[in-house]
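Novice: Below you will find the structure I want to go over with you.
Just so it is clear, none of the values below were taken in a lab; they were calculated from the coordinates. Because the structure is a prediction, the values reported are computed rather than measured. For neighbour counting, all protein chains shown are included, and Cβ atoms are generated from backbone atoms with ideal geometry for every residue, glycine included.
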Amino acid sequence: MNRLLILFVGIGVWIFSTLPVSADVSLQKLIDATPINGELKLDSQKYEGNIVITKPIAIIGKKGTTIRGDGKGNVVLIKASNVTLKNLTIEHGSLNRSSDEEYSGIRTMGEHNQFINLVIHDVYHGLYINSSKHNHVNNVKVTGQGTGKLGSQGNGIQLVRTSHNIIENSTIANTRDGIYVEYADKNEIRNNLVSETRYGLHYMYSNDNTFYKNRFNKNTGGAAIMHSQGIMLKENQFSFNQGSRSFGLIIQTSSNNTVLDNEFYLNQRGIYLEQSTQNRIEGNKFFHNDIGIELWTTSTSQVFTKNHFKQNVANVLTIGTESYNQWNQNGKGNYWGTELSVLDLDQDQIGDSPVEYRSSLYKLVEENELAYLFLKSPAIKIYEKINEVLSTQKVMVVDEFPLIKKDEQPQAPWIPAAIPAILIVGWIFIKKRRSRLS
Amino acid sequence: MNYIWKEWLEQSRGKGLWLGLAMVILSSMFLMMEARSYPDELGFDAFLLSLYDMNIYLVPIFALFISSFSIFQEKELKTSMILLTKKESNRSLMMKKSIAIQTVVIGAFVGWYFILALLMKWFLQFQLSSFLYFVATVVVLLLIFNQLGLFLGNITNTKMQLIGATIFTWFLFVFLIDLAFIQYVPSVSYQNVKLFSWLYFLDPLHTLRFYLETSLGLFSLNNMSRLMEKMIWMAPWKFLLIDLAFWMTLFFELSILFRSKGDKS
């Protein structure tokens with residue numbers, strides 16, 4: 001009997017010792033006890049939130065350190081400057097939309113704060129930088145609740161009325177918008193991956209920001225630049241942004257932005273320009289999109305130069321009445337692939353005469369959005385051909401200095417050659433065997 | 001089982017199936033090389049979409065030819081007549097022939113794609129679930145067009161008729177139907193979009209693409225306009241099942257109804 005009792009007690013002790021336990025002392029008390037500019041090192045365990053940080057300190061966790069909110073507010077609210085959060089998981093914030101504010105995993109209102117190696121999930125907004133400057137976000141992973149719950153969740157990283165922040169090496173997925181920027185100038189956003197959101201990047205009323213080497217994949221819209229100017233988008237990748245009226249990049253009611261050396265793959269529309277002026281689109285690659293560039297005539301005075309177009313259903317569609325846009329600058333036009341025949345007898349890699357890109361699809365797209373459903377249809381080429389014969393195509397682009405570039409060699413040309421060789425050898429082998437048997 | 005074995009022997013000794021398969025294999029390899037030029041994380045999905053685009057052209061015409069010639073041969077060689085005078089009814093013969101053709105052709109194509117999967121694992125970032133969605137589109141495409149081919153083989157009297165009917169049917173499905181849709185698109189409004197939706201999704205080529213893109217998570221069904229929401233009022237896989245049931249039943253019954261006994265001359 002006694003042995004049995006000892007056994008049960010032993011098992012009980014073992015079970016309880018393996019259960020996750022909360023910290024003995026509340027995290028808020030630990031924070032309050034940490035001196036100004038001090039460092040609070042947390043163990044690899046779960047701590048109860050919510051917490052408020054009102055002085056400059058560093059909170060540094062280990063693998064498995066989690067701050068779990070009570071589901072009724074911001075999990076971490078920072079009202080001080082020079083705060084560092086590092087190696088933490090933040091979870092279980094309020095998802096309530098009827099409250100006074102939209103809550104977040106982390107909401108910061110201070111300056112020079114740092115957010116390094118964080119995982120944020122089960123919250124409304126992930127990281128909310130509000131009315132502050134010079135914050136640094138590095139390697140933060142925010143995961144939302146999936147694209148099916150867009151209305152009931154917030155953004156991955158939200159910047160409102162802030163400036164001079166750096167957001168880098170972060171991953172955001174399944175949130176409403178990936179990075180939402182409003183009234184926020186002079187920020188630098190680089191090397192981030194945003195996928196499966198509504199807009200990977202949503203920009204409103206924000207100027208002079210830089211985007212560098214970000215990837216926006218499988219969103220409804222890759223990046224939306226609205227009511228903004230002086231933005232530099234360089235070497236970003238916008239791909240697989242497909243859906244109803246989807247786009248890689250939309251520039252709407254914005255001017256003097258530069259889109260330089262970006263890649264637009266497999267989007268419904270690579271770039272969509274509307275009510276925008278004097279933007280510079282240079283050196284971008286538009287490959288395998290339904291429409292490379294869709295340009296509404298409310299957009300004028302854009303410069304398109306040194307862009308590469310390859311295997312898009314329509315390279316460029318200009319929709320509406322005539323508008324003025326420049327398709328070359330300083331004697332450099334764009335690369336139009338094999339779709340436009342360009343003569344270059346003097347071999348200076350610039351066409352000897354201007355080329356016109358014509359299409360009849362503009363009318364379809366203008367009349368009904370369901371036309372997008374047919375852009376991948378094999379019939380589209382016949383439709384274009386019929387309109388070419390009937391002379392009902394319209395000139396979309398006149399490029400006076402089209403560029404020519406020799407195609408790159410495939411990476412492993414031996415494989416396509418090897419397969420027919422194997423088939424032929426196999427066939428000969430079978431033939432010989434049969435003839436021997438007979 | 002006998003029918004399947006007989007069909008396999010006939011198809012494997014003939015050249016049609018292998019010729020068709022060889023073209024699919026070659027095209028697949030070239031597409032794979034092209035997909036490798038994409039960024040790593042995009043290559044696999046891009047490859048599957050490219051394969052589907054290729055399949056739209058190749059698979060229907062091969063399925064139509066292989067299945068229609070198979071049933072036509074039964075009539076030409078009078079084997080169907082012998083079978084029908086013994087124990088088979090027209091319906092049971094057609095059913096067994098359909099099962100045999102479907103099994104052999106689907107087996108051969110799917111078999112190739114599983115071999116291709118090994119190469120995909122080698123060259124691309126392979127994802128099993130995406131691959132299986134793709135294979136499902138190939139199977140459905142073959143099921144519908146094989147059945148359509150059996151119908152054509154059944155109703156035609158001469159080989160010339162059969163070739164003409166097969167090419168016309170392929171051209172109709174791949175090009176003409178969409179040309180007609182494109183003419184009709186400007187007149188679609190919120191009021192009549194449901195009718196348009198039914199017509200659009202009854203075309204298996206439309207539904208299959210939609211199913212594939214949504215299953216791969218490439219086409220988002222969120223944030224759609226009111227028009228698009230009314231257009232896509234049912235899950236793509238449901239449209240696909242309706243298509244499958246509708247076209248297979250239709251062509252099977254029509255085959256029995258309009259059966260021709262072969263060249264009257």
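Novice: Pull up all non-local amide H partners of A:Leu40: gap of 5 or more, or a different chain, and H-to-H distance under 5 Å with H placed in the peptide plane.
Specialist: A:Ala58, A:Ile59, A:Ile60
Novice: Right, another one. Order by neighbour count: A:Trp327, B:Trp247, B:Trp5, fewest other Cβ atoms within 10 Å first, most last.
Specialist: Exposure proxy ranking, most exposed first: B:Trp5, B:Trp247, A:Trp327.
Novice: Per residue of segment A:154-167, what does 6.51 cos²θ - 1.76 cosθ + 1.60 with θ = phi - 60° give for ³J(HN,Hα)? Whole Hz please, x for Gly and Pro, Karplus curve as stated.
Specialist: So the J values, rounded to whole Hz, are x, 9, x, 10, 10, 10, 10, 6, 9, 7, 6, 9, 10, 10.
Novice: In addition: On the first, second and third principal axes, largest extent first, how far apart are the outermost C-alpha atoms of the protein assembly as shown in Å?
Specialist: 103, 95, 58
Novice: Then there is this: Rounded to the nearest 0.05, what FRET efficiency do A:Lys405 and A:Glu235 have when you use their Cβ-Cβ distance and R0 = 22 Å?
Specialist: The pair A:Lys405/A:Glu235 has a calculated efficiency of 0.70.
Novice: If one computes P(r) from the Cα atoms of segment A:242-304, what percent of pairs lie at distances over 18 Å?
Specialist: So the portion of pairs separated by more than 18 Å is 28 percent.
Novice: Got a sec to turn the phi values of segment A:129-137 into Karplus ³J(HN,Hα) couplings, 6.51 cos²θ - 1.76 cosθ + 1.60 with θ = phi - 60°, whole Hz, x for Gly and Pro?
Specialist: 9, 10, 6, 8, 9, 6, 8, 10, 10
Novice: Okay, moving on. Determine, from the Cβ-Cβ distance of A:Thr297 and A:Ser131 and an R0 of 41 Å, the FRET efficiency 1/(1 + (r/R0)^6), rounded to the nearest 0.05.
Specialist: After rounding to 0.05, the efficiency reads 0.60.
Novice: When you count, for each residue, the other Cβ atoms within 10 Å and take the mean per peptide, how do B:25-33, A:41-49, A:200-208, B:211-219 rank with the highest first?
Specialist: A:200-208, B:211-219, B:25-33, A:41-49
Novice: What is the spin-label model distance, in nm, from B:Phe30 to B:Ala180 if the labels are put 7 Å beyond Cα along the C-beta direction?
Specialist: 3.1 nm
Novice: Also, quick follow-up: Enumerate the lysines that A:Lys394 could reach by cross-link, defined here as Cα to Cα under 28 Å, with residues fewer than 8 away along the same chain left out.
Specialist: Straight-line reach from A:Lys394, under 28 Å: A:Lys285, A:Lys306, A:Lys310, A:Lys332, A:Lys363, A:Lys376, A:Lys381, A:Lys385, A:Lys405.
Novice: Another question, if that's okay. Ranked from highest to lowest mean number of other Cβ atoms within 10 Å per residue, what is the order of the peptides B:177-184, A:111-118, B:34-41?
Specialist: A:111-118, B:177-184, B:34-41
Novice: Just to be sure I understand the model, the point goes 7 Å from the Cα along the line to the Cβ. What's the resulting B:Leu9 to B:Asn192 distance in nm?
Specialist: 5.6 nm
Novice: Picking from B:Phe65, B:Phe239, B:Phe114, which is most flexible by a Gaussian network model of chain B using Cα springs under 10 Å?
Specialist: So, out of B:Phe65, B:Phe239, B:Phe114, the one fluctuating most is B:Phe114.
Novice: Right, here's the next one. Determine the percent antiparallel among the DSSP beta bridges restricted to the protein assembly as shown, to the nearest 5.
Specialist: The antiparallel proportion sits near 5 percent.
Novice: What's the center-to-center distance, using Cα atoms, between segment B:177-228 and segment A:25-56 in Å?
Specialist: 55 Å
Novice: In terms of modelled amide H atoms, which long-range or inter-chain residues lie less than 5 Å from the amide H of A:Asn289?
Specialist: A:Leu266, A:Asn267, A:Asn312, A:Val313
Novice: Report, in degrees rounded to the nearest 10, the 0 to 90 angle that the Cα long axis of helix B:40-76 makes with the longest principal axis of chain B.
Specialist: 20 degrees
Novice: For A:Ser104, A:Ser377, B:Ser130, what's the fewest-to-most ordering of other Cβ within 10 Å of each Cβ?
Specialist: Ordered from fewest to most neighbouring Cβ atoms within 10 Å, A:Ser104, A:Ser377, B:Ser130 come out as B:Ser130, A:Ser377, A:Ser104.
Novice: Right, next: Which number do you get for Rg(Cα) / (2.2 N^0.38 Å) in chain B?
Specialist: Dividing the Cα radius of gyration by 2.2 N^0.38 Å gives 1.08.
Novice: Pick from A:Gly144, A:Gly270, A:Gly38 the residue whose mean-square fluctuation is largest in a GNM of chain A, springs joining Cα atoms under 10 Å.
Specialist: A:Gly38
Novice: At a Förster radius of 56 Å, what calculated FRET efficiency corresponds to the Cβ-Cβ distance of A:Lys62 and A:Gln326, to the nearest 0.05?
Specialist: Result of the calculation: an efficiency of 0.50.
Novice: Give me the one-decimal nm value for the distance between modelled label points at A:Tyr183 and B:Met54, 7 Å along each residue's Cα-to-Cβ direction.
Specialist: 5.5 nm
Novice: Go ahead and estimate [θ] at 222 nm for chain B from helices alone: -39,500 (n - 2.57) per DSSP H run with n ≥ 4, summed, over the residue count, rounded to 500.
Specialist: Computed mean residue ellipticity for chain B: -26500 deg cm²/dmol.
Novice: Shielding by partners for A:238-248, please: the mean number of other protein chain Cβ atoms within 10 Å of each residue's Cβ.
Specialist: Per-residue shielding by partner chains comes out at 5.
Novice: Here is a follow-up. Give me the angle, in degrees from 0 to 90, between the Cα long axis of helix A:2-18 and the longest principal axis of the Cα atoms of chain A, rounded to the nearest 10.
Specialist: Rounded to the nearest ten degrees, it is 50.
Novice: Let me ask you something else. Which residues among segment A:129-145 fall inside the zone where the amide N is under 18 Å from a point 7 Å beyond the Cα of A:Asp208, along Cα→Cβ?
Specialist: In segment A:129-145, the label zone of A:Asp208 (backbone N under 18 Å from the point 7 Å along Cα→Cβ) covers A:131-135.
Novice: Fewest first, what order do A:Ile380, A:Ile225 take by the number of other Cβ atoms within 10 Å?
Specialist: A:Ile380, A:Ile225
Novice: As I understand it, the dipole of segment A:37-205 uses +1 on the Cβ of Lys and Arg and -1 on the Cβ of Asp and Glu, about the Cα centre. Which of A:Ile57, A:Gly178, A:Ile157 lies farthest toward its positive end?
Specialist: A:Ile57
Novice: Show the residues, 5+ positions off or on another chain, whose built amide H is closer than 5 Å to the amide H of A:Gly71.
Specialist: Here the answer is A:Ser94, since their amide H atoms fall under 5 Å of that of A:Gly71.
Novice: Under 16 Å from a point 7 Å along the Cα-to-Cβ line of B:Leu119: which residues of segment B:16-37 have their amide N that close?
Specialist: Counting only backbone N, you get B:19-37.
Novice: Could you work out which residue, out of A:Ala80, A:Ala224, A:Ala314, moves most in a Gaussian network model of chain A, that is, has the largest mean-square fluctuation with Cα springs under 10 Å?
Specialist: A:Ala80
Novice: May I ask you to compute the full-extension gain from A:Lys363 to A:Gln278, defined as 0.36 nm times their residue separation minus their alpha-carbon distance, rounded to one decimal in nm?
Specialist: Gain on extension, A:Lys363 to A:Gln278, equals 28.1 nm.
Novice: If you count, for each residue, the other Cβ atoms within 10 Å and average over each peptide, how do B:136-143, A:343-350 line up from highest to lowest?
Specialist: B:136-143, A:343-350
Novice: Express in nm, to one decimal, how much length is gained between B:Leu19 and B:Ser37 on full extension, taking 0.36 nm for each residue of separation and deducting their alpha carbon distance.
Specialist: 3.7 nm
Novice: Please give the per residue volume of the convex hull enclosing the alpha carbon atoms of segment A:220-406, rounded to a whole number of Å³.
Specialist: Normalising the Cα hull of segment A:220-406 by residue number yields 111 Å³.
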